[in-house]
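Data first, discussion second: the structure below is written as structure tokens.
Bear in mind these aren't lab numbers, they're just calculated from the coordinates by the rules spelled out. Being a predicted model, the structure only gives us computed values, none of them experimental. Note that we place each Cβ from the backbone using ideal geometry, even for glycine, and neighbour counts take in every protein chain shown.
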Amino acid sequence: MVFDLSAFPTPSVNGATLHAQRLDQQLQFIIEIDRLKGILRQTLLIDQSRRENSAEHSWHIALMATLLAEYAPEPVDVLRVIKMLLIHDLVEIDAGDTFCYDEQGNQDKEDREVKAADRLFGLLPADQERELRGLWDEFELRQTPEARFAAALDRIQPFLHNQQTQGGTWRQHGISRSQVMQRMAPVKDGMPALWHWLEDAIAQCVEAGYLKP
């Protein structure tokens with residue numbers, strides 16, 4: 001659906017008329033990304049009332065970035081991290097949420113998500129497409145301090161949910177300690193100060209029966 005601006009007055013900022021095509025593209029993108037609210041993840045809310053959606057996950061880790069930036073191993077541009085986290089899962093609108101422990105689903109995950117990124121960010125004006133697509137690529141590559149910190153947050157948030165829901169998704173799918181350790185590996189680079197805390201927390205989850213040994 002194309003957002004029809006013809007019925008509305010041409011907007012202006014400080015007396016300057018905005019370019020109608022640019023605004024139309026921006027509004028189309030804004031409308032399209034609302035669909036992220038309907039993408040359900042495997043992760044349960046901490047109150048266990050339902051599964052969280054990908055928009056809620058993105059909001060949660062963006063706020064975590066503001067609170068936990070002091071644990072990044074080197075100074076990071078927190079605003080850049082927040083932008084990265086807010087857009088990192090937009091591709092799930094087309095590609096769906098792939099459960100991180102689903103070996104078959106992960107085989108073509110990268111291809112599905114790249115195609116989704118091409119379409120979704122392509123809705124934007126060229127300059128904003130370059131910016132947001134660049135941030136998405138940066139997150140995926142994990143080669144900058146910001147991307148490594150963001151990736152660590154992306155791992156820690158669902159870990160906390162599973163810990164607080166007595167194993168939640170782990171127990172549903174019979175997940176083992178070794179699988180979680182492998183999944184949490186980016187924390188070593190992105191937030192090494194929390195690695196020992198994480199190891200202890202995983203051990204406690206095994207002892208409590210939330211994770212298979």
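If one takes the longest principal axis of the Cα atoms in the chain, at what angle in degrees, from 0 to 90 and to the nearest 10, does the Cα axis of helix 109-121 lie? Rounded to the nearest ten degrees, it is 30.
Go through LEU124, ALA185, LEU86 and say which Cα lies farthest out towards the positive end of the charge dipole of the chain; charges sit on Cβ, +1 for Lys and Arg, -1 for Asp and Glu. Going by the charge dipole, the pick is ALA185. Here the calculated FRET efficiency for LEU63 and ASP24, from their Cβ-Cβ distance with R0 = 22 Å, stands at 0.10, rounded to the nearest 0.05. Each 5 Å bin from 0 upward holds the following percent of the Cα-Cα pairs of the chain: 1, 7, 13, 16, 18, 16, 12, 6, 5, 3, 2, 1, 0, 0.
Summary value for region 55-141: 27 percent relative contact order, contacts being C-alpha pairs under 8 angstrom separated by 6+ residues. Residues of region 35-74 with amide nitrogen under 14 Å from the 7 Å Cα-to-Cβ point of GLN166? Within reach of a label on GLN166, which here means backbone N under 14 Å from a point 7 Å along Cα→Cβ, region 35-74 contributes 47-49.
Per-residue Cβ neighbour counts within 10 Å put MET181, MET191, MET84 in the sequence MET181, MET191, MET84, beginning with the fewest. Over the C-alpha trace of region 91-209, radius of gyration and Dmax come out as 16.4, 52 angstrom.
Given the -39500 (n - 2.57) contribution per DSSP H run of 4+ residues, what per-residue ellipticity at 222 nm results for the chain, rounded to the nearest 500 deg cm²/dmol? Spell out each step's value before the answer.
Numbers: 11 runs with 124 residues, N = 213.
Helix contribution divided over all residues of the chain: -18000 deg cm²/dmol.
Candidates GLY105, SER176, GLY209 compared by Cα position along the dipole of the chain: farthest toward the positive end lies GLY209, with charges placed on Cβ. Taking the longest Cα principal axis of the chain as reference, the axis of helix 145-164 is set at about 60 degrees. Distance between the modelled labels on ARG177 and ASP47, one decimal in nanometres: 3.4 nm (7 Å Cα→Cβ projection).
Per-residue Cβ neighbour counts within 10 Å put SER176, SER58 in the sequence SER176, SER58, beginning with the fewest.
Are any of the pairs LYS37/LYS212; LYS37/LYS109; LYS115/LYS188 more than 25 Å apart by Cα-Cα distance, and if so, which? With Cα atoms farther than 25 Å apart: LYS37/LYS212; LYS115/LYS188.
Dividing the mean sequence gap of close Cα pairs (under 8 Å, 6+ apart) by how many residues the chain holds gives a relative contact order of 21 percent.
Evaluating 6.51 cos²θ - 1.76 cosθ + 1.60 at θ = phi - 60° for every residue in region 90-102, the Karplus couplings come out as 4, 4, 5, 4, 9, 8, x, 8, 9, 4, 4, 9, 8 Hz, glycine and proline recorded as x.
With Cα atoms defining each centre, region 109-131 and region 194-210 are spaced 37 Å apart in the structure.
The C-alpha atoms of the chain define a longest principal axis, and helix 78-87 lies at about 90 degrees to it.
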